[in-house]
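Down below is the structure, laid out as structure tokens.
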Amino acid sequence: MASLHVYSVLVVLFLTCGALMATKENDQIIKENNCETKMGLPCVLKAFMSIFKTGSISNKFCSELVVLGKVCHSALVKRTLENPLFKDLNPVTIIANSI
């Protein structure tokens with residue numbers, strides 16, 4: 001139980017520290033790595049629903065997500081969390097789902 005609490009604190013700390021320079025940094029990472037062009041729209045929608053809604057994804061779309069790479073995946077998730085439309089989402093849950 002204590003490890004879950006420590007994990008949650010670390011994730012919140014990570015998000016808080018990264019939020020200061022995240023917007024420009026994430027946009028730059030996404031642009032430099034052509035992240036938005038590496039996945040097809042159907043896969044993007046399924047991955048988004050998986051991370052931000054359902055928490056599960058099929059093997060087909062998971063393999064496309066793996067090809068996207070960790071750098072792109074993390075930058076896209078962080079940029080989405082910065083969007084005011086998603087301000088009510090719990091960042092700890094979203095980060096856990098995205099892993």
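Before moving on, here are some points about what is shown:
- Among residues of the stretch 59-77, those that are farther than 14 Å from residue 39 by Cβ and in contact with a Ser or Thr (Cβ under 9 Å, 6 or more places away or on another chain), counted: 1
- Some residue of the stretch 38-51 being touching a Leu at 6+ places or on another chain (Cβ under 9 Å), assigned to a loop (DSSP other than H, G, I, E, B) and modelled with pLDDT of 80 or more: yes
- Scanning the stretch 26-35 for residues that are in a helix (DSSP H, G or I) and either touching a residue at least 24 places away in the same chain (Cβ under 8 Å) or among the hydrophobic types (A, V, I, L, M, F, W, C) (or both) returns 26, 27, 29, 30, 35.
- When the stretch 57-99 is filtered for residues that are β-branched (Val, Ile, Thr) and in a loop (DSSP other than H, G, I, E, B), the ones remaining, listed by number, are 57, 99.
- Sole exception among (1) at pLDDT 70 or above; (2) of a type in the set (S, T, N, Q); (3) farther than 22 Å from residue 83 by Cα for residue 3, by number: (1)
- Residue match in the stretch 83-90 (condition: in contact with a helix residue (DSSP H, G or I) (Cβ under 7 Å, 6 or more places away or on another chain) and within 19 Å of residue 34 (Cα to Cα)): no
- Across the stretch 22-68, the number of residues qualifying as β-branched (Val, Ile, Thr), within 12 Å of the chain's Cα centre (by Cα) and exposed (fewer than 15 other Cβ atoms within 10 Å of the Cβ) comes to 0.
The values are calculated or read from the model by the stated rules, or taken from the named source; none is laboratory data. Source: prediction; values computed, not measured. Note that each Cβ is placed from the backbone with ideal geometry, even for glycine, and that neighbours are counted across all protein chains shown.
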